[in-house]
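One structure is given below, encoded as structure tokens.
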Amino acid sequence: IWSSPGCVVRKNTIEGSMVGIFSEGSSRACFLHNVMVGCGLYLRRSYGSTVEGNLVNGRPIAYMENASGVFVARGYGQVLLLRCRKLVVESPDASHTTVGVLVSESVEVSVVNASLGYNMVGVDVWNSSNVQIAVFKILKGEVGVRVIYSRSIEVGDGLVNGSSYGIHIESSAGVRIARTFAEGCLQAAIALRDSRNCAVEESVITGSTRGISLQSTSGSIIARNAVWRNGLGIAMNASANNVLTGNEFVENVVDVRLEAAGENRWDGNFWGKLWKQTKASGAEPVPLGGGNVDANPRREPSIILPLAVSSPLGVT
């Protein structure tokens, strides 16, 4: 539904679509008694809607506009928040739908203890500010956490497993990802695109095609992360003026790939493969390509240490 205010969508059954019902720029619409299976409802720039009697995978939709306070979201097929302020959303558990939790044009919203799986997007933050996503578990799906056109967002103390993109940040500023375990992602565990002044800190990033991906990103800090057993540890494309310090790149197929990257500051990182290639010559700095150099690399890892395990049963 595009730019069609006041329309009515009623008593439809929709199954297996990427998006069941999508509304863009269509305020005062009525979504009544629709049944959605394996998909759901997505609203953008659509206000004053009536959302009643709809089911997503047999569960009701929690639709909140201009709300505040504390809301326990367990048991809903979706949670849709539009223009909310000072709202705490506790324990959402939506799965197998278009978006588990949508935070749209909202300020000072916290989503805590989320347990989400097999969604197109687990938590979607759009055009919002001062949003916190904390203590979460998001499994499978297309994108675990997506942040677009937003600022001052905190994502931390969570697990993202098996998505195409674990955490995807686009056209945003001041996004901080901390103490998060991101693994097994087909495209990238953590991706920053067209963003600035963000941070990825103290996280474990492992088992993904690309661990960290920066595209057209500047002024960001990548610090004290364990980037472990990915196809490509970190990829930087057209990104400059970022600081990468104290990270450990261990057992990646390729530690770093720079494409048209400008000048970035690299300091005190551990390079599992690059260090082996350079330390035999006694060279202290590690050249990374494109004029980027880690001037003070660490010789040994401290976050990840090799551990040998033996057993009288012969199983390691």
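The values are calculated or read from the model by the stated rules, or taken from the named source; none is laboratory data. Remember, it's a predicted structure, so these values are computed and weren't measured experimentally. In this analysis, Cβ positions are derived from the backbone assuming ideal geometry, glycine residues included, and neighbour counts consider all displayed protein chains. Note: accessible area is taken over every heavy atom of the protein model, side chains too, but ligands, DNA and RNA are not part of it. Shrake-Rupley method; radii C 1.70, N 1.55, O 1.52, S 1.80 Å.
Scanning region 238-261 for residues that are outside any loop (DSSP other than H, G, I, E, B) and over 16 Å from residue 189 (Cα atoms) yields 240, 243, 244, 245, 258, 259.
Restricting to region 73-102, give me the number of residues that are open to solvent by 10 Å² or more (accessible area, probe 1.4 Å), in contact (Cβ under 8 Å) with a residue 40 or more places away in the chain and in a strand (DSSP E or B).
Count: 0.
Scanning region 11-25 for residues that are within 28 Å of the chain's Cα centre (by Cα) and at negative phi gives 14, 15, 17, 18, 19, 20, 21, 22, 23, 24. Looking only at residues in region 195-212 that are assigned to a loop (DSSP other than H, G, I, E, B) and among the small types (Gly, Ala, Ser), the one that is nearest to residue 151 (Cα to Cα) is 195.
Rundown of residues vs (1) open to solvent by less than 10 Å² (accessible area, probe 1.4 Å); (2) within 13 Å of the chain's Cα centre (by Cα); (3) under 22 Å from residue 206 (Cβ atoms); (4) not hydroxyl-bearing (Ser, Thr, Tyr), yes/no style:
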position: 105; (1), (2), (3), (4): no, no, no, yes
position: 114; (1), (2), (3), (4): yes, no, yes, yes
position: 122; (1), (2), (3), (4): yes, yes, yes, yes
position: 132; (1), (2), (3), (4): no, yes, no, yes
position: 138; (1), (2), (3), (4): yes, yes, yes, yes
position: 148; (1), (2), (3), (4): no, yes, no, yes
position: 155; (1), (2), (3), (4): yes, yes, yes, yes
position: 163; (1), (2), (3), (4): yes, yes, yes, no
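Within region 18-45, restricting attention to residues that are in contact (Cβ under 8 Å) with a residue 24 or more places away in the chain and among the small types (Gly, Ala, Ser), the residue that is farthest from residue 83 (Cα to Cα) is 38.
The one condition from (1) polar (S, T, N, Q); (2) at pLDDT below 95; (3) part of a loop (DSSP other than H, G, I, E, B) that residue 278 does not meet is (3). Among the residues here, residue 263 does not qualify as under 21 Å from residue 299 (Cα atoms) and open to solvent by 40 Å² or more (accessible area, probe 1.4 Å).
Any residue at all in region 118-132 that is touching a residue at least 40 places away in the same chain (Cβ under 8 Å) and outside any loop (DSSP other than H, G, I, E, B)? Lay out the reasoning, then the answer.
Restricting attention to region 118-132, the residues satisfying the condition of being touching a residue at least 40 places away in the same chain (Cβ under 8 Å) are 120, 122, 126.
Now restrict to residues that are outside any loop (DSSP other than H, G, I, E, B): 122, 126.
Among the residues of region 118-132, at least one is touching a residue at least 40 places away in the same chain (Cβ under 8 Å) and outside any loop (DSSP other than H, G, I, E, B), which makes the answer yes.
The set of residues in region 213-233 that are under 17 Å from residue 196 (Cα atoms) and in a strand (DSSP E or B) comprises 213, 214, 215, 218, 221, 222, 223.
Within region 198-212, no residue satisfies the criterion of being of a type in the set (Val, Ile, Thr), open to solvent by 60 Å² or more (accessible area, probe 1.4 Å) and over 14 Å from residue 229 (Cα atoms). Selection over region 167-197 of residues that are buried (at least 24 other Cβ atoms within 10 Å of the Cβ) and more than 20 Å from residue 116 (Cβ to Cβ) gives a count of 3.
In region 213-244, the residue that is least open to solvent (accessible area, probe 1.4 Å) out of those that are among the small types (Gly, Ala, Ser) and without any contact (Cβ under 8 Å) to a residue 24 or more places away in the chain is 233.
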